[in-house]
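Visitor: If you scroll down you'll find the structure; I have some questions about it.
Coordinate-derived values only; no laboratory data. These figures come from a predicted structure and were not determined experimentally. All Cβ positions, even for glycine, are placed from backbone atoms using ideal geometry, and neighbour counts span all protein chains on display.
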Amino acid sequence: MPISILMPSLSPTMEEDFIKQGTMLCSVETDKTTVDYESMDEGFLRKIVAAQGTPAKVNQLIAVLADKKDEDISEYLKKALEKSQKLGGAKAVVPTVATTPLPPITSVGATRGSPLQTATPAGNSAPIPRSSDDRRTGDERRSKSSPLARKIAAESGISLEAVQGTGPSGRVVRRDVEGYKPVPASAGDEARPQFGSQLPPAVTQDVPLSMMRKTIARRLLESTQQTPVFSVTMKVETGPLEQMRSQLKRGPGHKISVNDIVIKASAFALRRHADVNASFQGDFIRQFGNVDVGFAVSLAGGLITPIVKSADQKALWTISSEVKALVAKAKIGKLAPEEYQGGTFTVSNLGMYGVDEFTAIVNPPQSAILSIGGIQPEVYLDGGIPKERSIMKITLNADHRVIDGALAAQFLSTLKSALENPVWLLL
Amino acid sequence: MALMSIRDALNLALKEEMTRDEKVFLLGEEVAEFNGAYKVSKGLLDHFGPKRIIDTPISESGFAGLAVGAAMMGLRPVVEFMSFNFSLVAMDQIISNASKMLYMSGGLFNIPIVFRGPNGAGPRVSSQHSHNMESVYSHFPGIYVMSPSCPADAKGMLKAAIRCDDPVVFLENELNYNLTEEVPEGDIVVPIGKGDIKRSGKDVTIIAWSRMMTLAKQAAEELAKDGIDAELLDPRTLKPLDMHLIAESVRKTNRVVLVEEGHFFAGVGAQIADSIYSELFDYLDSPVIRVAQSENPMPYAANLEAATLPSVEKIIHAAKQVLYRN
């Protein structure tokens, strides 16, 4: 009886080789990591369907094993291929959206896409490959938590990964989940330091890298080493924006955040500067037809950048609702890959931490990232008379291979205009 | 209400039940002329006469079998074992005959027998006379197992056992016979299969029965000094268990300590823990911890005997452990 092997790209040995259970069949490369795919079955490798280095969809047929070297597999192969073609188009299963309200968006510097889950291109039916760089024993890898803690965490939409366990061997128990405070949303909460005896004793320790940390480290190093980046900063007067927000607040529904408006305004500017909404591809520059704006969400031990797709075509309200839903999913690790992969531009906001301005790292293959500082009052001269206004600083970090200084300035200028005339964004 | 020892409460239950139903009779070693090895049957011979209070030879297998026959003929025997250690020689009668007769006879013969007597470690009676039999008897289908921890329960539960149409193993405790508390007046029956919360608390459920409840109460008082509010649950009937009550308590406290005087391995506590894991997994914030007799024959030396048995300190330690407070 032949056996179908379903999953992505192969770099294997010759057909007719005998494959034992546990033999490494191929390496599956995703945007985040490379994992070894070990065979769960035994038999002679009779047919390699997916060629080395080619992309493959989840559940796509990649090879066929058979008990015998000379067993006729032609009929089986035909059927398996038909089935694979049907399945191949199917999307990965999208996890259910968390319905529990979650803390507001809190973002830090940028990275690419998002490395939250260990890379499994698997849908729900494909065998789950083991990550090549995660070979610790099950017990070490598993984060421990009491059943009750898991239940409470699920009910309150808290990701257990984010919770520090205080039970034996770091087991997360009820008090840990109930006492868990998400990353504070306002600078005020964060800014209150602990004193003297309140602080835990300082210890030197080697913290093992999580998958997310490894990916962040690798990708951001690549980005800084391989991208010629420059940055341009502008001040944006935020009076009109704040006024609009307070008007919107009087309406129904949830609050529209500054971040929502920045996403919308970025999309507005990107639509008008297609050469910023672009990617350096070696021999050419690809300008994207779609404006998919990622935004950085801080998680315990890392971050992720969910994407508002076609943000230029969406109403502010829609963007705001989508952002809320994406943040909620991100916090519990339930983002589907298509919800964090493939953005064309990224926004990172540290304004809520009281940051004046900063420069986030470009998230390849994108060409630019926008860093948002906090809103603050300043004194300016109006015809020689000192007056007060509130401003925020926005900084564009751009890949010089794609974007020149003047272009960056023009883009920022359009963005600044949109933010200072936010009614444009309502049209 | 009247202050009464467990010994007197059992005596009163026997007296009331024998008065209520003339089919009830008591048999066992020294129950009549000597008024019982532990005086549970004190005064009953004088009151009911030698036809209903019967001294037997030292032959547990014989008089247990006699009771099975009497029960088949419509009487309701109460069999006293001087110690449940001696029930070991009558096990074939108890397990293979009394508890299987209804099934084997196709429903023709109910066996309304109460097998009662002191269970567990007495003071310094060493390895052959310190057995806890609850896990053994509760293993076999066809028989109820009960064990009271206070005089009120002793009276109400023995009445329920005597009125039950099926065999009941009723486990008393030598060291608890003098435990004196108030017992409500009147014909109060504690139903089989119904547990009781002996102390209401919110932090940890301590499940204990018989003499272990006495230790658990002391432990709860000590724990309260540390700000730990323990709930004490006495299942009273060990088979069948009052899982409803256990579930209610575990849902509240999320942590369980199981105390039993018998050995750790395959104890009744293991069964309760299993039921909790299967049915209440999502409510647990810690693994269930069991306090039980260690896995050695009971030593004669008092200090070693104490080290072998559960203690107030061991219960306190376990409670702090499930609360991650150690």
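Visitor: Multiplying the sequence separation of residue A:420 and residue A:284 by 0.36 nm and subtracting their Cα-Cα distance, what value in nm do you get?
Guide: Numbers: separation 136, 0.36 × 136 = 48.96 nm, distance 3.47 nm.
In short, 45.5 nm is gained.
Visitor: Go ahead and collect, in residue order, the members of region B:23-49 whose backbone nitrogen is under 13 Å from a label point 7 Å along the Cα-Cβ direction of residue B:89.
Guide: B:29
Visitor: Give, in nm to one decimal, the length gained when the segment between residue B:252 and residue B:300 is fully stretched (0.36 nm per residue of separation minus the Cα-Cα distance). Don't jump to the answer; show the numbers that get you there.
Guide: Details: separation 48, 0.36 × 48 = 17.28 nm, distance 4.11 nm.
Answer, rounded to one decimal: 13.2 nm.
Visitor: Given a Förster distance of 56 Å, report the FRET efficiency between residue B:58 and residue A:178 from their Cβ-Cβ distance, rounded to the nearest 0.05. Can you show the working numbers first?
Guide: Numbers: r = 61 Å, r/R0 = 1.09.
That pair, residue B:58 with residue A:178, gives E of 0.35.
Visitor: Also: Which loop chymotrypsin sites (Phe, Trp or Tyr not before Pro) in region B:246-321, with loop taken from DSSP, have no more than 16 other Cβ atoms within 10 angstrom of their Cβ?
Guide: Details: sites: B:264, B:265, B:277, B:281, B:283, B:300; in loops: B:264, B:265, B:300.
Answer by residue number: B:264, B:265, B:300.
Visitor: Moving to a separate point now. Compute the length gained on full extension between residue A:387 and residue A:144: take 0.36 nm times their separation in residues and subtract their Cα-Cα distance, giving the result in nm to one decimal.
Guide: On the way: separation 243, 0.36 × 243 = 87.48 nm, distance 5.70 nm.
Stretched out fully, the residue A:387 to residue A:144 stretch lengthens by 81.8 nm.
Visitor: Please give the Cα centre distance for region A:303-347 versus region B:139-214, rounded to the nearest Å.
Guide: Centre-to-centre (Cα) distance: 61 Å.
Visitor: Under 12 Å from a label point 7 Å along Cα→Cβ of residue B:23: give me every residue in region B:98-121 with its amide N that close.
Guide: The answer is B:109-113.
Visitor: Another one. If you build the convex hull over the alpha carbons only and average its shadow over all orientations, what do you get for region A:211-426? Give it in nm² to one decimal. Write down the numbers at each step before the final one.
Guide: On the way: hull surface 50.8 nm².
Averaged projected area of region A:211-426's Cα convex hull equals 12.7 nm².
Visitor: Kirkwood Rh and Cα-based Rg: tell me the resulting Rg over Rh for region B:79-122, rounded to two decimals.
Guide: Details: Rg = 12.2 Å, Rh = 11.4 Å.
Here the Rg-to-Rh quotient is 1.07.
Visitor: Rounded if a/c is under 1.5, else prolate if a/b is larger than b/c, else oblate: which is region B:99-225, with a ≥ b ≥ c the root eigenvalues of its Cα gyration tensor? Before the final figure, lay out the partial values.
Guide: On the way: a/c = 1.94, a/b = 1.54, b/c = 1.26.
Here region B:99-225 falls in the prolate category.
Visitor: Residue B:282 to residue A:41: FRET efficiency via 1/(1 + (r/R0)^6), r the Cβ-Cβ distance, R0 41 Å, to the nearest 0.05?
Guide: Values: r = 35 Å, r/R0 = 0.86.
After rounding to 0.05, the efficiency reads 0.70.
Visitor: Ok, one more. Restricting to bridges with both residues inside the protein assembly as shown, how much of the DSSP beta-bridge set is antiparallel, in percent to the nearest 5? Each step should come with its number before you reach the end.
Guide: Values: 55 of 93 bridges.
Once the DSSP bridges in the protein assembly as shown are tallied, antiparallel ones form about 60 percent.
Visitor: In nm, to one decimal, how far is the modelled label at residue B:103 from the one at residue B:15, with both set 7 Å along Cα→Cβ?
Guide: So the label points at residue B:103 and residue B:15 sit 4.0 nm apart.
Visitor: Also, quick follow-up: If you wrap a convex hull around the alpha carbons of region B:165-302, what volume per residue comes out, as a whole number of Å³? Intermediate values should be presented prior to the final figure.
Guide: Values: hull volume 21.2 nm³, N = 138.
Convex hull volume per residue, Cα atoms: 154 Å³.
Visitor: As an exercise, use a Förster radius of 25 Å and the Cβ-Cβ distance of residue A:271 and residue A:51 to find the FRET efficiency, rounded to the nearest 0.05.
Guide: Numbers: r = 38 Å, r/R0 = 1.54.
So the FRET efficiency works out to roughly 0.05.
Visitor: At q = 0.08 Å⁻¹, what log₁₀ I(q)/I(0) does a Debye calculation on the Cα points of the protein assembly as shown give, no solvent, two decimals?
Guide: For the protein assembly as shown, the Cα-only Debye profile gives -0.83.
Visitor: Taking region A:348-423 as the region of interest, what is the percent of Cα-Cα pairs per 10 angstrom bin, listed from the shortest bin to the one with the maximum distance?
Guide: 18, 40, 32, 9, 1
Visitor: Is the shape of region B:2-183 best called rounded, prolate or oblate, per the rule: a/c under 1.5 gives rounded, else a/b larger than b/c gives prolate, else oblate, with a ≥ b ≥ c the square roots of the Cα gyration tensor eigenvalues? Please report the intermediate quantities before stating the final value.
Guide: Working: a/c = 1.44, a/b = 1.19, b/c = 1.21.
Rounded, since a/c falls under 1.5.
Visitor: For chain B, what size does the Cα cloud have along each of its three principal axes, sorted from largest down, in whole Å?
Guide: 59, 43, 41
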